[in-house]
1. Do any strands (runs of 3 or more DSSP E) entirely within the range 68-107 hold 2 or more residues that are open to solvent by 30 Å² or more (accessible area, probe 1.4 Å), and if so, which?
2. Quick check on the range 44-64. Is at least one of its residues open to solvent by 70 Å² or more (accessible area, probe 1.4 Å), modelled with pLDDT under 95 and within 21 Å of SER108 (Cβ to Cβ)?
3. Can you tell me which residues in the range 106-141 are in contact with a Cys (Cβ under 8 Å, 6 or more places away or on another chain) and at pLDDT below 90?
4. Of all residues in the range 108-121, how many are in a loop (DSSP other than H, G, I, E, B) and within 12 Å of the chain's Cα centre (by Cα)?
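The values are calculated or read from the model by the stated rules, or taken from the named source; none is laboratory data. This structure is a prediction, so every number in the text was calculated from the model and none was measured. So basically every Cβ, Gly included, is an ideal-geometry build from the backbone, and we count neighbours across all protein chains shown. Protein only, heavy atoms only, side chains kept; ligands, DNA and RNA dropped before computing areas. Shrake-Rupley method; radii C 1.70, N 1.55, O 1.52, S 1.80 Å.
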Amino acid sequence: FLTVDPNDGVLTVVFTYAARDNAGYEDLTPATVTMPFTCPSTTLTATNGTRCGAGTVTLSVSGCSGGTVSWFAALTGGSALATGLSYTTPSISTTTNYFASCTIGGCSSASRTTVTATVNTVPTATATGDTECAGQIINLA
């Protein structure tokens, strides 16, 4: 059988081979061979998102040609929130980091790419002076 651990890049092959001794007797001996295997390197390019006030933010990445992008709430561990080149956050009211990884042929990115959903404070304005009527100028501070 064949196993690949994408976390450490080790490909393990286990097989049985037959060898004959000088007398012609067959000896079936299991052997394990470990061969170095390097997953393809992927570098995601993040496009952060911004909004004013609470709500959803759309984030995206590029650079996962032929693979699948998975979105996470944590830098390591956890289950994927979604897959695809873009991700729309749930309604958030504070700046929040999300993390994307690329998987190609069973090999995942060595590390996750941080993508930031920025929530800016809604600007406020105050008027000074007396009550103004339609058509008059209001000074905002």
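1. On the way: elements: 68-72, 86-88, 96-104.
Counting at least 2 such residues, we get 86-88, 96-104.
2. no
3. Residues satisfying the conditions are CYS107, SER108, SER109, ALA110, VAL122, PRO123.
4. Step one: of the range 108-121, the residues in a loop (DSSP other than H, G, I, E, B) are 109-112, 121.
With within 12 Å of the chain's Cα centre (by Cα) added as a condition, the list becomes 109-112.
The total comes to 4.
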